[in-house]
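Structure first, then comments.
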Amino acid sequence: LRRLRARLARSNTALGKGLLALLSGGRLDEAAWEEVEDTLLAADLGVAATTDLVDALRTKVAVEGTTDEATVRGWLREELLTLVDPTMDRSVVSSRVDGRPACVLVVGVNGTGKTTTVGKLARVLVAEDKDVVLGAADTFRAAAADQLQTWGERVGVPTVRSDRDGADPAAVAFDAVRAAAEMEADVVLVDTAGRLQNKVGLMDELGKVKRVIEKQSPVDEVLLVLDATTGQNGMRQAEVFSQVVGITGIVLTKLDGTAKGGIVVAVQRELGVPVKLVGLGEGPDDLAPFDPEAFVDAILD
Ligand code: GDP
């Protein structure tokens with residue numbers, strides 16, 4: 001965990017250092033505040049959160065009449081933490097619900113790290129002694145099912161898949177959920193396809209996957225996988241997905257590859273659901289629960 005934290009800190013240092021340099025010591029005139037805004041926007045915090053944060057800081061500086069570094073740092077920490085909202089429930093459903101396996105649907109645009117996330121999450125859950133089943137409902141690319149199955153073998157959990165290219169993803173998802181029930185598993189993780197070229201097609205396909213699963217048992221969690229390096233573009237994708245299937249949590253991947261950690265705040269705010277997990281690398285252990293306090297401290301380190 002310390003290693004992950006260090007990596008997260010590195011990815012966010014640009015934001016924290018830049019802000020503190022701007023805010024502390026000097027006089028804060030209009031130009032300086034604009035620079036603060038630019039720094040926050042460049043870190044993908046988004047316009048709404050940036051405006052809130054700067055307004056709050058300006059008020060504090062005006063009322064208290066100080067730009068002492070430690071004081072400003074304390075305010076910044078407080079405001080960032082408020083924006084990240086530490087009160088949100090960030091647990092991922094992974095235990096049996098009403099005598100059946102919990103069902104977690106994992107959605108997102110191809111390339112964001114969906115399959116990798118399912119594999120890493122399976123590994124985390126197996127380490128917690130959970131019985132996990134994987135469902136390879138990304139049937140568009142045969143390679144996707146192979147990739148998921150490889151993860152399954154590595155982690156030691158079964159993968160339900162179709163051998164046929166272009167099989168009905170909803171049917172595979174249904175089979176995976178049924179198999180998990182027969183095995184009395186704790187949780188089934190269903191990987192899905194995310195071709196965004198055609199919004200209507202995606203709606204139909206993903207919506208159907210969810211509806212067909214729900215003929216058998218409820219979907220307990222829908223995790224949206226977002227690539228942190230795609231910034232505001234990722235936000236637009238997120239809106240489409242949340243309209244189509246309804247999102248209960250966000251997994252922000254590739255946070256190791258960006259200084260734009262502010263996307264955490266922007267996406268939570270926009271979608272109204274918590275970031276639950278973060279991806280910090282390509283390896284099997286590079287998935288961590290999202291910890292608001294550690295995140296803000298890493299920014300300000
Ligand atoms: P999918 O198409 O959404 O299923 O995406 P994949 O799981 O195939 O991942 C796409 C690429 O992103 C692969 O090369 C992964 O190794 C890489 N990847 C996934 N998560 C992370 C992460 O947290 N950090 C980094 N650096 N790479 C990641």
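The values are calculated or read from the model by the stated rules, or taken from the named source; none is laboratory data. Model, not experiment: these values are computed from the prediction. Positions of Cβ are backbone-derived with ideal geometry, glycine not excepted, and every protein chain shown enters the neighbour counts. Areas reflect the complete protein model, heavy atoms only, side chains present, ligands, DNA and RNA absent. Shrake-Rupley method; radii C 1.70, N 1.55, O 1.52, S 1.80 Å.
Do we find that ARG123 is within 14 Å of the ligand (Cβ to nearest atom), surrounded by fewer than 17 Cβ atoms within 10 Å (Cβ to Cβ) and in contact (Cβ under 8 Å) with a residue 12 or more places away in the chain in this structure? Lay out the reasoning, then the answer.
Working: within 14 Å of the ligand (Cβ to nearest atom): yes; surrounded by fewer than 17 Cβ atoms within 10 Å (Cβ to Cβ): no; in contact (Cβ under 8 Å) with a residue 12 or more places away in the chain: yes.
Answer is no for this residue.
Looking at region 167-211, which of its residues are out of contact with any helix residue (DSSP H, G or I) (no Cβ under 9 Å at 6 or more places or on another chain) and assigned to a strand (DSSP E or B)?
Passing the criteria: none in range.
Collect the residues in region 138-154 that are modelled with pLDDT under 95 and of a type in the set (A, V, I, L, M), keeping them in residue-number order.
If the condition is that a residue be modelled with pLDDT under 95 and of a type in the set (A, V, I, L, M), then ALA142, ALA143, ALA144, ALA145 are the ones that fit.
Output the residue which, of all residues in region 132-151 that are within 18 Å of PRO284 (Cα to Cα) and of a type in the set (Val, Ile, Thr), is nearest to the ligand (Cβ to nearest atom). Before the answer, list the steps.
Kept after step one, since they are within 18 Å of PRO284 (Cα to Cα), are these residues of region 132-151: 132-134, 144-151.
Pick out the ones that are also of a type in the set (Val, Ile, Thr) and you get 132-133, 150.
On the way: VAL132: 17, VAL133: 18, THR150: 11 Å.
Taking the candidates together, the pick is THR150.
Does ASP175 satisfy the criteria of being open to solvent by less than 50 Å² (accessible area, probe 1.4 Å), of a type in the set (Asp, Glu) and at pLDDT 90 or above?
No, not satisfied.
For region 273-292, does any single residue satisfy the condition of being within 10 Å of the chain's Cα centre (by Cα), buried (at least 22 other Cβ atoms within 10 Å of the Cβ) and assigned to a helix (DSSP H, G or I)?
Among the residues of region 273-292, not one is within 10 Å of the chain's Cα centre (by Cα), buried (at least 22 other Cβ atoms within 10 Å of the Cβ) and assigned to a helix (DSSP H, G or I), which makes the answer no.
Collect the residues in region 191-237 that are open to solvent by less than 20 Å² (accessible area, probe 1.4 Å), aliphatic (A, V, I, L, M) and within 14 Å of GLY111 (Cα to Cα), keeping them in residue-number order.
Selection gives ALA193, LEU224, VAL225, LEU226, ALA228.
Determine whether ILE247 is over 30 Å from ALA142 (Cβ atoms) and not hydroxyl-bearing (Ser, Thr, Tyr).
No.
Just one of (1) away from the ligand (no atom under 16 Å from the Cβ); (2) touching a residue at least 24 places away in the same chain (Cβ under 8 Å); (3) at negative phi; (4) open to solvent by 10 Å² or more (accessible area, probe 1.4 Å) trips up VAL296, so point out which.
(4)
Give the residue that is modelled with the highest pLDDT, with candidates limited to residues of region 244-272 that are part of a helix (DSSP H, G or I), within 15 Å of the ligand (Cβ to nearest atom) and surrounded by fewer than 23 Cβ atoms within 10 Å (Cβ to Cβ).
ASP256
State all residues of region 148-171 that are hydroxyl-bearing (Ser, Thr, Tyr) and surrounded by fewer than 18 Cβ atoms within 10 Å (Cβ to Cβ); if no residue qualifies, say none.
THR150, SER162
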